[in-house]
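FYI, it's all coordinate maths here, none of it is from the lab. These numbers were taken from a predicted model, which means no experiment stands behind them. Cβ sites come from the backbone with ideal geometry, for glycine too, and all protein chains shown count toward neighbours.
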Amino acid sequence: MYLITGATGFVGKHLIDALVEREGTIYCLVRPGSRARFDAMVAARWPAARDRFQVVEGDIQQARCGVSDAKVGELRSKVSHVVHLAALYDMRADADASERANVQGTRHACALAEALDARLDYVSSIAVAGNYKGYFREDMFDEGQTFSHPYLQTKFLAERVVRTECKAPYRIYRPGIVIGSSKTGEADKVDGVYYAFKSIQRLRHLLPEWTPLLGFEGSELPIVPVDFVARAMDVLMHADGLDGQAFHLVDPHPKTFGDAMNVFCEAAHAPQGTIRLDPRVLRLVPTGLTSLLGNMPAVKSARRELLDELGVPEAALRYVNWRASFDSRDTEHALRGSGVECPRLEDYAWRVWDYWERHLDPDLYKVHTLRARVEGKVVMVTGASSGIGKALARKLGDAGATVLLVARGRDKLEEVHQAILAAGGRAEICPCDLSSAEDCARLVEETLSAHEGLDILVNNAGRSIRRGVRDSYDRFHDFERTMALNYFGSLRLILGFLPSMCSRKTGHIVNVSSIGVQTNAPRFSAYVASKSALDAFSRCIASEVIGRGVHISTVYMPLVRTPMIAPTKIYDAFPTITPDQAADMVIDGILTRRKRVATRLGIFGEVSYALAPRIVDRVLHTGYRLMPDSAKKKGPGGTEEPPRPSMEAIAFAHVLKGVHW
């Protein structure tokens, strides 16, 4: 009955799901080297129908798909449909590869259908419309459209082969942008709209779902689920009187790019583009200026870097603003009464998203264990004698790293050192006063002499001062002390180890910063300024060293219950995270090498201040008035009674959990 090329492909598998419900043998063209994989797929997917499958060895890039004369003679009376699905759909493929697979492959499939006296059911694509602008009907084909990508052009040329060269009867099916099944979400690779999913996922991690964002409207996006394509083809293949026609397999009520992305954002519980930029606004920019800016080397390089970071091929951007709309009235008429119709995207987007996140997310195949990232590596942790540094050092030691423990006091480091050794790890005590230039230079020199190089530097040591500016007019030394440790101490280590990292083309610098940098916490001007200085320095050099294999991450830490905050007694009633939880945030930065590791509240505070700084100042001023000042020393050896926060202040701190007050 059926001879199918591309049976193991995305659409092919789902079409066979429909065909096995009918009678007849299913012959599948399989390359010799793919026989075992095909047999395994049949056994797993269609075990009850495995006896109905017959393999025909061949290759679409060979004449008549590589099927011998003897095999053609055997199949001539048995095959009534040659279903040609095999094609190269890869926006990164070059023109020659696309031409061989799509154009020559289709020509060979036509010859095979003619030799078998069978009808050709050819799967084309809406790509044949190319850059056509306007309403593209199913009876339209060559409208003088242009093509800006080899894939689009080769699909047009392949369909022209069917229309002008094929002597066998034929039917043409033009699917839209095919995504996962509306029933299960199943898909087999990341392309098309899936390229946007990683960005959606990152937005979900960064911002609360209710955060309003600026989006891009775009034009109609002809998305269609693979199971509808397969079921529609099954009906159209077996209907009478449709030879010589083309059928658009698309959603008859397509969404714009912006609407479709919002549907997927809702499915992912990510923020949506509540305000969207209409592409017609871009027409206000002179075409020549747009072209000039777009072709500037710096702009092109920045665009490539951004797309690489997001995992999006540049060719995929054309889908954002597709120029054509696709008529599907002939398809709807032919399917009437069959019960097959395209489902609404809202009804199945969650399945598509869930399947991608469980099976196709590229991060699933990245390093996910701390041991895999740091085993055998040399990692320096400053401020390792207590709090976050102590918890982090023990976790790194358990994961197989050689941990260099840095703090001023050897005695406190000894406790951490012994705990790591007792657990079977490796660690070294490296006492150092990070506020001393001479001591920092000594630490760098001794470390590079003892080890081939430093793999990871965690700048965790820090000093915090909680004091409003009205109490700091005569305390300039507070600002000097915090800068000496938090900024200059970290800076000396970075400058000391960076040359070695760059020469080895590997290295990771992790700076433990503060949520105060994002939220501009009152009473912490000295502390936040020192952390902001390190943040700004790191942002500036990151673009210089990333090409040399060195990554820089910043962890914006919320309020942590450590010895550093113990003197501020009002924090006893405030919500905090534990040193272990804080260490896990640093570990997230080490694992992912992300530029920023932060809480949603911190990011929201940063965005809010950028959009409405005066309103944020008013909110923070409310917190400033509610929270009492820290206790002041009465004199030598004496301290005032610690102030007690009001219930209103405690409630305010719980609403803005993690912010320093």
Multiply the residue separation of residue 209 and residue 618 by 0.36 nm, subtract the distance between their alpha-carbon atoms, and state the gained length in nm to one decimal.
144.8 nm
Restricting everything to alpha-carbon atoms, can you work out Rg to Rh for region 1-175 with a Kirkwood hydrodynamic radius?
0.97
Gained length - residue 450 relative to residue 43, 0.36 nm times residue gap less alpha-carbon distance
140.7 nm
Going by average Cβ neighbours within 10 Å, how do the peptides 117-124, 353-360 rank, with the highest at the top?
117-124, 353-360
Burial ranking of peptide ranges 49-60, 391-402 (average Cβ count within 10 Å, highest at the top)
391-402, 49-60
May I ask you to evaluate 6.51 cos²θ - 1.76 cosθ + 1.60, the Karplus curve with θ = phi - 60°, for each residue of region 545-553 and list the ³J(HN,Hα) values in order in whole Hz, giving x for glycine and proline?
9, 5, x, 9, x, 9, 10, 10, 10
Signed unit charges on C-beta, dipole axis of region 111-214, positive-most listed residue 127, 201, 184
201
Please sort by residue number the chymotrypsin sites (Phe, Trp or Tyr not before Pro) in region 155-218 whose DSSP state is loop and whose Cβ has at most 16 other Cβ atoms within 10 Å.
210
Kindly state, to the nearest 0.05, the FRET efficiency for residue 184 paired with residue 164, given R0 = 56 Å and r defined as their beta-carbon distance.
0.90
Theoretical FRET efficiency, 1/(1+(r/R0)^6), r = Cβ-Cβ of residue 62 and residue 372, R0 30 Å, to 0.05:
0.10
Modelled label-to-label distance, residue 23 and residue 336, 7 Å Cα→beta-carbon offset: nm?
3.0 nm
Within region 23-38, find all residues whose amide N lies under 13 Å from a label point positioned 7 Å from the Cα of residue 52 along Cα-to-beta-carbon.
23-27
Can you flag which of 167/189; 155/198; 390/595; 13/155; 183/595; 412/531 are past 32 Å Cα-Cα?
167/189; 183/595
Which distance in Å, rounded to a whole number, links the C-alpha centroids of region 338-380 and region 66-122?
34 Å
In the calculated pair distance distribution of region 207-274, what percentage of Cα-Cα distances lie above 20 Å?
48 percent
Extension gain from residue 470 to residue 544, taking 0.36 nm per residue of separation minus the Cα-Cα distance:
22.7 nm
Orientation-averaged projected area, Cα convex hull of region 397-542 (nm²):
9.9 nm²
Below 8 Å between Cα atoms, with a sequence gap of 6+, how large is the relative contact order for region 114-202 in percent?
38 percent
